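Beneath this line is the structure, given in structure tokens, with notes to follow.
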Amino acid sequence: MDKLVTEFNPIPVFIGGTGRSGTTIVGDLLNEHPEVRTSLPTEIKFLSNPGGLLDITFGRQENPDKPQHNVSILNFRTYQKRRKRDQQRFDEFFDLIWNKWWEIDAPPPHGRGLTSGITKSKLEALLIQLKKSYRRNRVKAANQFMFGFITSQDSAGEEKYWVETTPLNITNATRIIRVIPNAKFINMMRDPRDVISSLLTKNWGPNTALEGIEWIEKRLTKGHNCLSAIPANQQITIKLENLVIHKREETYIQLLKFLGIEDSPNMKNFFNSKMTMEAASSGRWKSEVLDPIFGQKYSEMVERLKSIGVATYEN
């Protein structure tokens, strides 16, 4: 098998956050730059989502595998048990690829699914090679699969960066960088109260505002812990409100400098026309979150997060 690709070209940039924090629109913004290609779909899902490539490589995060040691085929029972478990993981992964992530009946960033960016034959070939190489070295197999996927997408050209926007990228940053050593990360932050308000309109998140506080505290804490292990030059945290309201030009320039790219007319036009205060829905929680003790519980969460060094919003 080929050696680990340590310098991907294009360089993968993983945008993430708590969800509902501006990941998609920042991906759309960067896609307007001639040196950037945003994945189609913008959320590939199969890397960071549960049951995806990181899970079959390292084990599920809630119950990660112990370090794997080579097992002699002479130790038949252990060898067979591990092979059976690996086969189950691949069966689950392939099922998710073809029955959940390949075709998605939804608008962007989710739909139309992986089919919008790569041919079925190319993806099938990459999956066959992944399974073939997996037992020799899981990380190398995942590394080669990601390199192949990125360079085999229909829109692949000579861009400097490839961008992906699955929110769980940040809470998986330490695992992603083991697979893609030169990956960069953009951590999107948004007032957690507005995130909670937005989550309550969805069918996949918390059901009440107080559940939302618990939900987002876990995401912010886990994301902070992961980013603490990522080199400073490979990460940046952007507050959505600064980008669209309070410090627009300053934050926009910070983003360009982080990637080492010059401004472009198309990107600047998108920034001026699409990334507005109205689009950010800043402060929506004030009229949508009606629980009388929400403010108190939120302040308590902020103090807990501050005590461990997690940046958030106080007011």
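The values are calculated or read from the model by the stated rules, or taken from the named source; none is laboratory data. Here the structure is a predicted model, which is why all the values come from computation and not from measurement. Please note: Cβ atoms are built from the backbone with ideal geometry, for glycine as well, and neighbour counts cover all protein chains shown.
So, LYS100, is that one modelled with pLDDT of 95 or more and charged (D, E, K, R) or not?
yes
Quick check on this structure: which one of THR251, THR171, THR237 is hydroxyl-bearing (Ser, Thr, Tyr) and either within 17 Å of GLU43 (Cβ to Cβ) or touching a Cys at 6+ places or on another chain (Cβ under 8 Å) (or both)?
THR171
Suppose we filter SER264, SER282 for residues that are closer than 19 Å to ARG190 by Cα and among the polar types (S, T, N, Q); which single one remains?
SER282
For ASN203, indicate whether it is within 22 Å of PRO108 (Cβ to Cβ), surrounded by 23 or more Cβ atoms within 10 Å (Cβ to Cβ) and of a type in the set (S, T, N, Q). Break it down into steps so the answer makes sense when it comes.
Working: within 22 Å of PRO108 (Cβ to Cβ): yes; surrounded by 23 or more Cβ atoms within 10 Å (Cβ to Cβ): no; of a type in the set (S, T, N, Q): yes.
No; evaluated as a whole, the condition is false for this residue.
Tell me, yes or no, whether the stretch 39-54 has at least one residue that is modelled with pLDDT of 95 or more, part of a helix (DSSP H, G or I), in contact with a Leu (Cβ under 8 Å, 6 or more places away or on another chain) and under 22 Å from ILE128 (Cα atoms).
Yes.
Can you tell me which residues in the stretch 249-273 are within 22 Å of PHE14 (Cβ to Cβ), over 22 Å from the mean Cα position of the chain (by Cα) and either free of Cβ contacts under 8 Å to residues at least 40 places away in the same chain or surrounded by fewer than 15 Cβ atoms within 10 Å (Cβ to Cβ) (or both)?
The one that is within 22 Å of PHE14 (Cβ to Cβ), over 22 Å from the mean Cα position of the chain (by Cα) and either free of Cβ contacts under 8 Å to residues at least 40 places away in the same chain or surrounded by fewer than 15 Cβ atoms within 10 Å (Cβ to Cβ) (or both): ILE253.
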